[in-house]
Amino acid sequence: MTGEIIVTADEVDRLHAKLRKEAGAGGYNLNPDAGFAKSLVKGLLVNEKRYGYPACPCRLASGVKIEDIDLICPCDYRDPDLTDYDACYCALYISQAALKGEKSIGSIPDRRPPPESGSERKDGVPAVETSSLAYPVWRCRVCGYLCAREHPPEVCPICKAKKDRFERFM
């Protein structure tokens, strides 16, 4: 397919309203610059149509979902970026202090690690002996929700991320 991906203004408006509502319900803030935020939302929709998942529009996605799982919006780096820089990498999400004008948003470095070379965990957490656990522990990569069960939930009860955003934690 070599044609341009078409995203309508109505699609952008609907997703922007949905993200704003979900962000507010989860204690997050979307960037109040509606034009800027909607340009990012358009990029999410383009990537959704192109790849089948809404990869961050400010990063280069591979087109292979498992390789890009950390870049699906909201990405794995949103919360640490908000803590350290008052905005996520693309600035779709901003901190309360930035929203109130108490902090300004500057350049945000990309904290995504280089591609893994081995089987070590990306988060640096050492492997834990799990043979004594009755069930594996699953962690939502978006919000950190933990659950012990045979399989991850279809949808995170906290942030509503889909099943594929969970990783085996223990």
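The values are calculated or read from the model by the stated rules, or taken from the named source; none is laboratory data. In this text the structure is predicted, and so the values were computed from the model without any measurement. Note: ideal-geometry Cβ built from the backbone for every residue, glycine included; neighbour counts use all protein chains shown.
Looking at this structure, is residue 17 free of Cβ contacts under 8 Å to residues at least 12 places away in the same chain, in a helix (DSSP H, G or I), assigned by TED's automatic domain parsing to the domain that holds residue 78 and hydrophobic (A, V, I, L, M, F, W, C)? Outline the logic, then answer.
Values: free of Cβ contacts under 8 Å to residues at least 12 places away in the same chain: yes; in a helix (DSSP H, G or I): yes; assigned by TED's automatic domain parsing to the domain that holds residue 78: yes; hydrophobic (A, V, I, L, M, F, W, C): yes.
Yes.
Considering 57, 74, the condition of being buried (at least 20 other Cβ atoms within 10 Å of the Cβ) and either under 14 Å from the mean Cα position of the chain (by Cα) or under 21 Å from residue 107 (Cα atoms) (or both) is satisfied by 74 alone. Test residue 81 against the criterion of being under 30 Å from residue 21 (Cα atoms), assigned by TED's automatic domain parsing to the domain that holds residue 18, at pLDDT 85 or above and surrounded by 12 or more Cβ atoms within 10 Å (Cβ to Cβ), and give yes or no. In short, yes. Per the listing 45, 15, the residue uniquely within 29 Å of residue 114 (Cβ to Cβ) and at pLDDT 95 or above is 45.
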